[in-house]
Amino acid sequence: MTEALLQLRGIDKHFGPVQALHGVNLDLPAGQVTGLCGDNGAGKSVLTRCIAGVHEPDHGRILFEGQPVHIRSARDAAALGIETVYQDLALADNLDIVQNMFLGRERLRHRLLDEDSMERAAAETLSSLRVTTVRSIRQPVASLSGGQRQSVAVAKAVMWNSRVCLLDEPTAALGVVQTQMVLDLIRRLRDHGLAVMVISHNLNDVFEVADRIAVLHLGSMVAEGPVADFDRQRTVEYMTTGGKERTRTRVPIVSGEAG
Amino acid sequence: MASINDPLATAIPELEADPTSAADTTLDIPPELLAQSLGEYVRGWLARVRHGDSGVLPVLLAIVAVAITFELVTPNNSFLQPSNLVYIFQESTAYMVLAMAEIFALLLGEIDLSIGSVSLLGGVIAFKLVQPPPAGANLPWWLAIGAALLCCAVIGALQGTLVARLRMPSFIVTLGGFLLLFGILVLVLGGADGSVSVSQSDPNQSVIFNLDQGLVDPTISWIGLAVVVLTASALIWRRDSLRRRSGLVAQPTSLTAIKIVLLAGAGVIVVALCNVNRSNTGTIAGVPWIIPIVLVVLVASTILLQRTRFGRYVYAVGGNPEAARRAGINLPRVRTWGFVLSAVTAGIAGILLGSFFFGQLSTNTADPGQLVLYAVAGAVIGGTSLFGGRGRIVHGVFGGLVVGGIAYGMALLGLAAQYEYIVTGCVLVVAVLVDVLSRRGGAKGSGDRD
């Protein structure tokens, strides 16, 4: 098996007396979608923030392309090509799609904003991801539907030669049609060769789009492997009980052998 | 499938793959983005007006309503005369520039209540510095204005720092600043009835006196107008044709032409009005200096807000501070500079105000409390949102004109100041109501958001 693009080995994180993550191992291979499942409080968000540079792990290693890296800030993560789309999307409603996609990284010409060049680049990114339902990329984000907003947020995250994309509950609060639109977009990110991680409660969506599944229970990784090794019922058991009632051998937990 | 960079395809509804958004989005998009012909543009614009998002239309209607009302109710229908209109414009310029100052704070989602005091203080400092010793420093007019605006900048930076770094509510910080600076202002003026004047006869002081009062020679006015209109038309035309050539969505050519014609027409009307002899006895004709001055402030602020990175960040911080923070924008710096710009622009307004009052500044001729309310009223009436992120500097020009028109009309009717307050207060509340309702309408447009 080729080495995963991003590897987490023995990640520990605690906040005061609360141990949020216990020795978590996780692989995010390029060109695959990893679904991260877990009940509330399982540590999905903390794990995501450790990769995104919001929290720094207390112990453990993060390997990027096999090299150990330290991700101390969102800027460090961005420098490695790791982008996160949070559930609240962080789009400015009053700005249009182009302005949002380039927010903080505007292109200048003669010290003034180079709107035309930014508009062309944004249009290219959107059409390469086949986000084609927006009527005009100069419309304010306030006028977009939920799925379109999610698409813009994803496009914004991946237009900077990203290698890893973390999506936090990308389909929450979306209707059926819009969910399909976002799942298609996630598949396209995978086809572009990105390592994608989808954090979701919704097992239907996870099973539809994921190549691999990882389940967190009370801060520990209780199961990780190809989606073929899982079924919904077992995944739910892993999420709720950590899989204690069953033998864990059916789904091998990836240990540190690759590290 | 509709391709995103194909303007023709985006306008065709059958290609809309997302049925839930089709009905909602149509009305919120600026019409020039979809329209390929003038007819489509007009239809799109009408749809947006019906939807409550009408841009500067309400304030233009308000200007017409103010003009017609006062023309009808004033004795001998004397409101709409060239002399009155020019005078209203001269009076309104201070309100316009004050409204522009307030817009910098409003766009950030903050409010600056101190600008009434800051503006008068800036004016008084400039006026004091050109006085001969011992009262003043006999500075050249440009140095005096520069020093006064620098003082305003420092005040703005202090207030901005309190708001931006310590996250104190701007409402309280600037209300405190208003009172504190009002006190300092009275001290500088040497008492509640104190005043400071610049004279028309002194060559140095007369420059400041003439900022509002001075007139441009009629012939030069026409030449200046031609230069401004030609430059603006060339820039607009070039931008649109560049966009068309590079395959981006642009306005229809006919619309570009209509805009240029409207611009030229408005300019011709203003210059022609100003060049009518306004005096009963001698000759007073020409464009007041204040018009090009306001134009320069307007263009400079508009470029700053619409075409620079800083301007983009102002809108982003006002629209969604969290998004701005995650995009790596330095929020405290943007907020602090917003308050600096607000204070400096207010200082310009104060100097213009003194010039309008025939070179005299005192707290009796211009009440700081009234000025700040007129500034907020002008900005909001012009169409700038109190909730941040929405508005343009040009809104200050239109809003200031409404405020100035009402003030002058009430004075022409011989009504006391209390009625002026009542009417302006009502107009302000109606403007905020429009702001709130249009926000609610906008939120309805994307119903599946949380």
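Every read-out reported here was derived from the displayed coordinates using simple, explicitly stated rules and does not represent laboratory data. Predicted, not measured: the structure shown is a model, and the values here were computed from it. FYI the Cβ positions are ideal-geometry reconstructions off the backbone, even for glycines, and counts take in every protein chain you see.
Details
- Phi angles of the stretch B:129-135 translate, via the Karplus equation with coefficients 6.51, -1.76, 1.60 and θ = phi - 60°, into HN-Hα couplings of 5, 8, 6, x, x, x, 5 Hz per residue; Gly and Pro are given as x.
- Only Lys, Arg, Asp and Glu carry charge here, each on its Cβ (+1 for the first two, -1 for the last two); on that basis the stretch A:1-89 has a dipole of about 120 debye about its Cα centre.
- Between helix B:141-166 and chain B: long-axis angle, C-alpha atoms, 0 to 90°, nearest 10: 50
- For the protein assembly as shown: Kirkwood Rh in Å [reciprocal of mean 1/r, alpha carbons]: 28.5
- What the Cβ-Cβ distance of B:N204 and B:N280 gives, at R0 = 30 Å and to the nearest 0.05, is a FRET efficiency of 0.45.
- Using only the C-alpha atoms, the convex hull of the stretch A:8-47 corresponds to 65 Å³ per residue.
- Across the stretch B:85-155, Cα-Cα distances exceeding 20 Å account for 42% of all pairs.
- Residues with amide H under 5 Å from that of A:D114, placed H, sequence gap 5 or more: A:R107, A:L108, A:R109
- Structural descriptor for the stretch A:37-168: relative contact order 30 percent, calculated from alpha carbon pairs under 8 angstrom and at least 6 residues apart.
- Nearest-ten-degree value, helix B:170-189 long axis tilted from longest Cα axis of chain B: 20
- The charge dipole of the protein assembly as shown, taken about its Cα centre with unit charges on the Cβ of Lys, Arg, Asp and Glu (plus for the first two, minus for the last two), comes to roughly 760 debye.
- Distance histogram in 5 Å bins (all Cα pairs of the stretch A:66-191, percent per bin): 2, 11, 21, 23, 21, 13, 7, 3, 1, 0
- Projecting the Cα atoms of B:L433, B:G389, B:L60 onto the charge dipole of the protein assembly as shown (Cβ charges, centred on the Cα centre) puts B:G389 farthest toward the positive pole.
- For the stretch B:340-358 versus the stretch A:122-182, the inter-centroid distance based on Cα atoms is 46 Å.
- Helical segments meeting 15 Å axial Cα length and Kyte-Doolittle 0.0 threshold in chain A (DSSP H): A:146-158, A:176-191
- Debye, to nearest 20: dipole size of the stretch B:215-288, +1 on Lys, Arg Cβ, -1 on Asp, Glu Cβ: 420
- As a length-normalised measure over Cα pairs under 8 Å and 6 or more apart, the relative contact order of chain B settles at 31 percent.
- By the beta-carbon count within 10 Å of each Cβ, the least crowded to most crowded order of B:S201, A:S145, fewest first, is B:S201, A:S145.
- Residue-averaged beta-carbon neighbours from other chains (10 angstrom radius) around A:95-104: 5
- Peptides A:102-108, A:125-131 ranked from most to least packed give A:125-131, A:102-108, packing being the mean of other C-beta atoms within 10 angstrom over each peptide's residues.
- Relative exposure of B:L129, B:L57, B:L158, A:L216, judged by other C-beta atoms within 10 Å (fewest first): B:L57, B:L158, B:L129, A:L216
- Peptide ranges A:31-40, B:310-319, A:201-210 listed from the most packed, as the mean C-beta count within 10 angstrom indicates: B:310-319, A:31-40, A:201-210
- Average Cα contact separation per residue, chain A, under 8 Å, 6 or more apart, as relative contact order %: 27
- Point-to-point label distance, B:I220-B:T365, nm (Cα→Cβ direction, 7 Å offset): 2.4
- Cα convex hull of the stretch B:141-287, projected area averaged across orientations, nm²: 15.7
- nm² value of the averaged projected area, convex hull over the Cα atoms of the stretch B:215-288: 5.2
- Nearest-ten-degree value, helix B:253-274 long axis tilted from longest Cα axis of chain B: 20
- Over chain B, the hull volume per residue, using the convex hull of the C-alpha atoms, is 163 Å³.
- Derived value for chain A: Kirkwood hydrodynamic radius 18.9 Å. Basis is the mean of 1/r over every pair of different alpha-carbon atoms.
- Residue order, fewest to most beta carbons within 10 Å, for A:M197, A:M181, B:M168: B:M168, A:M181, A:M197
- Signed unit charges on C-beta, dipole axis of the protein assembly as shown, positive-most listed residue A:T125, A:V206, A:H217: A:T125
- The calculated FRET efficiency for the pair B:L180 and A:H192, based on their C-beta separation and a Förster distance of 56 Å, comes to about 0.45.
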